[in-house]
Amino acid sequence: MVNKYYYVGVANKYASIQEAVDALIIDSQYTSFTDQVEIVITDGIYGRFEIPASSLLPTSLNRLVIRGENKDKVIIDGGESQVASYGIKIGQNNPYITLENIEIRNFYIGVFVDTGSDYCVINSCLIKTCVNAAIFARFNDYFSVYNSILLDGDFGIVGQNIKNISIVNN
């Protein structure tokens, strides 16, 4: 059974964001969401995470929201070497995912949204010191970035074969 909330942080059930994602995948058993599900991240510094290809089935009415509990206090950090390829990877065919109130820093690519992960939204995020691109999205029907700040990389947003993209108040 899928919980509505998965809490991440020192005093919570999941110490890492990846642990919460993995638990959600097991709980959902590859069935469509019947409620909105949130992974709520408490203040702190975390490592990168990935949603594997075709592992979750949010819907237009019941999204997956991965959000920092307090804006500017949840950080996903790749470290000084910037060797890690991405901070957050949304694998193929994982639609209707929202990332919100998260700082992502020190990666090659901050957020990577792969093929068929349509209707993903990045809202109120700070993505900085990513060597190549803050955000890279490819082969999606719809993709949106709202109210976010992208700093100190070669490229801000790279979209490859995106049918409709919204970039507002960045």
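The values are calculated or read from the model by the stated rules, or taken from the named source; none is laboratory data. Quick caveat: nothing in here was measured; it's all calculated off a predicted structure. Every residue, glycine among them, receives a Cβ derived from its backbone with ideal geometry; neighbour counts consider all protein chains shown. SASA here: full protein model, heavy atoms, side chains in, ligands and nucleic acids out. Shrake-Rupley method; radii C 1.70, N 1.55, O 1.52, S 1.80 Å.
Among the residues of the range 128-156, count how many are β-branched (Val, Ile, Thr), more than 26 Å from Asn62 (Cα to Cα) and in a strand (DSSP E or B).
Within the range 128-156, the first condition is being β-branched (Val, Ile, Thr), and the residues that meet it are 129, 131, 135, 145, 149.
Narrowing the set further to residues that are more than 26 Å from Asn62 (Cα to Cα) leaves 129, 131, 149.
Restricting the remaining residues to those that are in a strand (DSSP E or B) gives 149.
Final tally of qualifying residues: 1.
Quick one: which of Ile75, Ile45 is open to solvent by 40 Å² or more (accessible area, probe 1.4 Å), of a type in the set (Val, Ile, Thr) and free of Cβ contacts under 8 Å to residues at least 60 places away in the same chain? Please lay out each step first, then the result.
Values: Ile75 fails: open to solvent by 40 Å² or more (accessible area, probe 1.4 Å).
The conditions single out Ile45.
Pick from Asn101, Asn123, Asn140: which is crowded, with 17+ Cβ neighbours inside 10 Å and closer than 15 Å to Ile76 by Cβ? Walk me through it before giving the result.
On the way: Asn123 fails: closer than 15 Å to Ile76 by Cβ; Asn140 fails: closer than 15 Å to Ile76 by Cβ.
When all the criteria are applied, what remains is Asn101.
Checking Phe112 against (1) open to solvent by 50 Å² or more (accessible area, probe 1.4 Å); (2) of a type in the set (Phe, Trp, Tyr); (3) modelled with pLDDT of 95 or more, which test does it fail?
Checking Phe112 against (1) open to solvent by 50 Å² or more (accessible area, probe 1.4 Å); (2) of a type in the set (Phe, Trp, Tyr); (3) modelled with pLDDT of 95 or more, the one that fails is (1).
Being open to solvent by 80 Å² or more (accessible area, probe 1.4 Å) and in a strand (DSSP E or B) is the filter; apply it to the range 157-169 and report the residue that is farthest from Phe143 (Cα to Cα). Quick ask: steps written out before the conclusion?
Initially, the range 157-169 is screened for residues open to solvent by 80 Å² or more (accessible area, probe 1.4 Å), giving 161, 163, 167, 169.
This time we only want the ones that are in a strand (DSSP E or B), so: 161, 163, 167.
On the way: Asn161: 11, Lys163: 8, Ile167: 9 Å.
Among them, the one singled out is Asn161.
Please state which one of Gly91, Gly68, Gly87 is open to solvent by less than 10 Å² (accessible area, probe 1.4 Å) and farther than 16 Å from Leu126 by Cα.
Details: Gly68 fails: farther than 16 Å from Leu126 by Cα; Gly87 fails: farther than 16 Å from Leu126 by Cα.
Step by step, each of Gly91, Gly68, Gly87 is checked, and only Gly91 is open to solvent by less than 10 Å² (accessible area, probe 1.4 Å) and farther than 16 Å from Leu126 by Cα.
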